[in-house]
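Student: Got a structure for you, questions after.
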C-alpha cells in the first residue's frame, strides 16, 4: 500500500516530508488505510524510558535511509504480513516537548558512537490525541554503533536488525557521499582558478576569495526545477544590494558584477547543490593585508539563510554538507575593531583555508549562525586568537 499523501496536488511520501509539514490528515490516512510499519515508518505506543532503546530505534533509521517514528499509537499485527499497523491513537500525555528533546538528544550523544544529531521533533494533535513525531534523517556519519552491546542496527521491513559484516562494509562505503561532496567542491574550486567562475572568464583571485558549496547527499539529493519559482529573490548574493540573474547550463545563476568584474554569486545546480562565491575579503591597507573576518562570516551566514529557505521551498532534504574554502590568505592579519583597538592577531601562514565539512541535519528550526560557528572558531585559531 502506498505511503503517499497529497500536498498541494503533489504526491509526497510521508517519511520524506519535513516534520513541520506533516498534518493531522496524513496520520489519519495512515490509520484509516492501515498502512503498516516499514523500512521508513516505526509506530510506538509509549515514549521510550531508556536511552538504549531510543538510540537503537533512531540509529537503525539513520543507518538506513531515514524515516519517521510516531509515538502515541497502539499497534495491531497483520496476520498476513506480521507487520504492525496503527489500531488506535492513544497519545503521549502531557510530557514537555522541550524536556523530551533535551533528554533524547542527550541519549543520542551518550548511547551512540558517533553521536547522531540528524533528528527533528514535533508534537501534533490528531483527533484530540497528542502525538510525538521524530523525523530521522539519513546520517552522513553512519554507521552509528549502540554502545550498549557494541551493535550496529539497520531498518529491515518493519523492524530493527543487527548488521552483519557485509552490511557494515556497504554502510561504510556509503560514507563516500561526503567524499563526493569534497570532490565536487575541489573540482569547482579548481575550475574557478583555471578557467573562470560561473558564466565568466574571470578566475579566482588570491585576495581572500570565498568558494562555498551546499551539497545534499544520499537520498536527500533531488533534481530541482529551476524554472519553477522566482529564484532571484531567494538567492540574491550576500553583502550586495543590487544583482542580476540568468539561466545557464548548470542551472540558475544570481550574481553581482561591477564594471565586468564578478563580486559575488549564487549558482543553483540542477541536482540541488548551491555554490557561493564572494570576492575580496582581503584588502591592502598601510602595507598590511587585512582579512575582514566579520564580512566573511556575515556573508556566509546570509548565504546559509537563503539556501535553507530555498531547500524548504523545494523540499530538498538533509543531510546536507557545507564545504568552504578561502584563497590567498597567507600574510594576512585580522584588523582591530572600529573602536580603535590594535591588531591582536598573528599573521596567517597558510595560503588556503579549507574548512572541515559542516553537516546540516535539518532545513527547519536551525539557526544559520550555528552552522557557521565551527568555521568562525577555526578562523580565530588560524590567527592565534582565543575562542
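What follows is calculated from the coordinates using simple rules that are stated; it is not laboratory data. A quick note: this is a predicted structure, and the numbers were derived from the prediction, not measured. Every residue, glycine among them, receives a Cβ derived from its backbone with ideal geometry; neighbour counts consider all protein chains shown.
Student: In nm, give the distance between the simple-model label positions of residue 241 and residue 105, each being 7 Å from the Cα along the Cα-to-Cβ direction.
Tutor: So the two model labels end up 3.7 nm from each other.
Student: Among 355-361, 266-272, 56-62, what's the highest-first ranking by average C-beta atoms within 10 angstrom per residue?
Tutor: Values: 355-361: 18.9, 266-272: 21.1, 56-62: 26.4.
Put in order of decreasing packing, that is 56-62, 266-272, 355-361.
Student: Grab the beta carbon distance between residue 313 and residue 31, set R0 = 35 Å, and tell me the FRET efficiency rounded to 0.05. Could you put the intermediate results ahead of the total?
Tutor: Numbers: r = 30 Å, r/R0 = 0.84.
That gives a FRET efficiency of 0.75.
Student: Mind pulling up the Rg/Rh value for the stretch 233-300? Radius of gyration and Kirkwood radius, both on Cα.
Tutor: Working: Rg = 13.7 Å, Rh = 13.1 Å.
Here the Rg-to-Rh quotient is 1.04.
Student: Hey, what number do you get for the chain at 222 nm if only DSSP H runs of n ≥ 4 count, each worth -39500 (n - 2.57), divided across all residues, to the nearest 500?
Tutor: Working: 8 runs with 105 residues, N = 387.
Rounded to the nearest 500, the figure is -8500 deg cm²/dmol.
Student: Turning to a different aspect of this structure: Quickly work out the residue 225-to-residue 367 label distance, labels modelled 7 Å from Cα along the C-beta direction, and quote it in nm with one decimal.
Tutor: A separation of 3.7 nm, rounded to one decimal place.
Student: Grab the beta carbon distance between residue 80 and residue 168, set R0 = 41 Å, and tell me the FRET efficiency rounded to 0.05. Could you put the intermediate results ahead of the total?
Tutor: Details: r = 32 Å, r/R0 = 0.78.
With R0 = 41 Å, the Cβ-Cβ based efficiency is 0.80.
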